[in-house]
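The values are calculated or read from the model by the stated rules, or taken from the named source; none is laboratory data. Every value quoted in this text rests on a predicted model; they were computed, and no experiment measured them. Don't worry about glycine lacking a Cβ; one is built from the backbone with ideal geometry, like all the others, and counts go over all protein chains shown. Heads up: the accessible areas ignore ligands, DNA and RNA and are worked out on the full protein's heavy atoms, side chains in. Shrake-Rupley method; radii C 1.70, N 1.55, O 1.52, S 1.80 Å.
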Amino acid sequence: MPGNVQSVERAAAILRLLADEDEPLALAQIASALGLAKPTAHGILRTLADVGFVEQPEANGPYQVASDLFEVGRGQRFDPNELRSRAMNWTDTLAARTGESARVATYYRGRAEVAHHVFRAGGGTQVLTTGAQVPLHASALGKVLLAHDPGAARRALRAELPVYTHRTITDRVLLQRELAAVRDLGWARALGEVDPDVAGLAAPIRDRGGYVVAVVGIEGLIDRLYDGRGKPRPDMVDAVVDTGRAISRELGHGRER
């Protein structure tokens with residue numbers, strides 16, 4: 001059998017040490033207490049800080065357990081204001097590149113909410129949906145969030161799945177297959193599932209650790225997003241996926257540490 005992973009053991013030891021102390025600890029104190037070389041301890045601390053498990057109240061100062069560490073898994077989400085500021089320019093570009101409205105959404109406590117919305121240029125009267133809820137099972141945005149959050153998917157599959165149009169997926173087996181396809185492809189689609197004339201495409205937004213914290217996508221009339229055979233236009237898919245990756249890089253995903 002494979003043995004324990006030493007780096008994980010050391011990270012756990014650092015977290016236990018910091019959690020047991022009432023005051024932040026300096027790097028030298030942590031390294032000494034655990035018998036680690038300073039560069040080793042510093043590397044682990046930097047990684048723990050990057051993923052939000054420890055923090056430094058002052059630059060280059062002592063370390064402490066992040067104040068919200070013990071809320072992990074209790075309905076937290078990426079700060080929507082920070083997400084909006086990081087995603088704004090890329091979402092504007094997506095809307096300009098595709099000619100469609102673009103939105104960013106997050107999953108929080110059983111629902112998907114729009115954090116940022118860019119109108120389609122020259123699209124006439126449009127309704128701002130920032131703060132609005134998105135149907136999880138019937139929208140491209142929602143499908144991405146369900147596909148990458150097992151807990152959210154379990155809750156959705158246990159609940160009633162409302163019917164919006166004849167294309168809305170309400171069969172749980174079919175929905176599970178749809179979510180598996182989203183994970184395989186790296187993007188999601190919705191074809192007339194909430195509004196019979198409207199389609200959507202969406203891609204995940206990942207944080208530094210690779211966790212899907214949000215989703216970005218476009219929405220528009222079916223004949224603008226899909227070809228005559230009912231297939232998503234490759235240029236539209238590429239634009240959405242590229243934007244998801246760009247925003248993910250803004251959040252640190254894929255960057256060298």
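What to note about this one:
- Since only Gly151, Ala180, Ala33 are under comparison, the one whose Cα sits farthest along the positive direction of the charge dipole of the chain, derived from C-beta charges on Lys, Arg, Asp and Glu, is Ala180.
- Residue-normalised accessible area of the chain, expressed per residue, 1.4 Å probe, Å²: 55
- A protection proxy built from the mean count of other Cβ atoms within 10 Å ranks the segments 158-168, 94-104, 178-188, 237-247, most packed first, as 94-104, 237-247, 178-188, 158-168.
- Sorting the segments 219-228, 51-60 by their mean number of nearby beta carbons within 10 angstrom, highest to lowest, gives 219-228, 51-60.
- Each stretch of four or more DSSP H residues adds -39500 (n - 2.57); spread over every residue of the chain, this sum gives -13000 deg cm²/dmol at 222 nm.
- Relative compactness, the chain, computed as alpha-carbon Rg over 2.2 N^0.38 Å: 1.17
- Comparing region 6-73 with the 2.2 N^0.38 Å rule of thumb, its C-alpha radius of gyration ratio is 0.99 (two decimals).
- Carbon and sulfur %, accessible surface of region 80-251 computed with the full protein complex present, 1.4 Å: 49
- Lys231 accessible area, 1.4 Å probe, all protein chains in place, Å² to nearest 10: 110
- Of the solvent-accessible surface of region 6-73, computed with a 1.4 Å probe and all protein chains present, 49% belongs to carbon and sulfur.
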